[in-house]
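Written below as structure tokens is the structure these notes are about.
The values are calculated or read from the model by the stated rules, or taken from the named source; none is laboratory data. Predicted model only: the values in this text are computed from it and were never measured. Here Cβ is always computed from backbone atoms with ideal geometry, including for glycine, and neighbour counts include all displayed protein chains.
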């Protein structure tokens, strides 16, 4: 049955927009239905190249992305979105039939915020969507964000009120998770956080995120804030302990 997800809901500027990129029509329709009930206006696309055209031309609040797509695969599409365009920081949930750990890591390293293996339950999908949107709209949970003070440390300036980060004078676009991780580490320079602590503070104890996910997020953040990501000097590893931000806070 052919559907037009875009017209399934009346336009409402207060509603968030989701792009569902899935070539299996029943799954696309199911996600459109439940995201619509959850407050999204949904656009459904079954081809990777068509999806990229829309992502380059329009702004969305959520991207649900299958890995196996005609035209352009989901990993390539995810990387293209993260490189440039109006949706560089959009939350991305990746869907795939693959369950191997290496495939999940590839998806997360490509820029996805979360990863679901088919078949999955709608309740789990909606729970993960809600968690991702909380992070996007609140820029991370926890008391460390209460004051939202500007941080200047080791050549990086973080302005939480404007959600703006500059590194060595250039502005960098961070996803909500990347922003939350950087703000936490940079506001506590030289303090080592274990992976468990980062899971609790950045992901708010969401049980479906693993410690491997912390390592992947750190790797993504380093690509944006380090001169040489292979030899980091800012977000550094304390072997056997966790991660810290190296440097002292600068006077503003």
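At-a-glance table
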read-out	value
The one condition in (1) more than 14 Å from residue 217 (Cβ to Cβ); (2) within 13 Å of the chain's Cα centre (by Cα) that residue 84 fails to fulfil	(2)
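For every residue, the table says whether it meets (1) assigned by TED's automatic domain parsing to the domain that holds residue 114; (2) farther than 19 Å from residue 115 by Cα; (3) part of a strand (DSSP E or B).
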site	(1), (2), (3)
26	yes, yes, no
34	yes, no, no
43	yes, yes, yes
50	yes, yes, no
54	yes, yes, no
59	yes, yes, no
65	yes, no, yes
68	yes, no, no
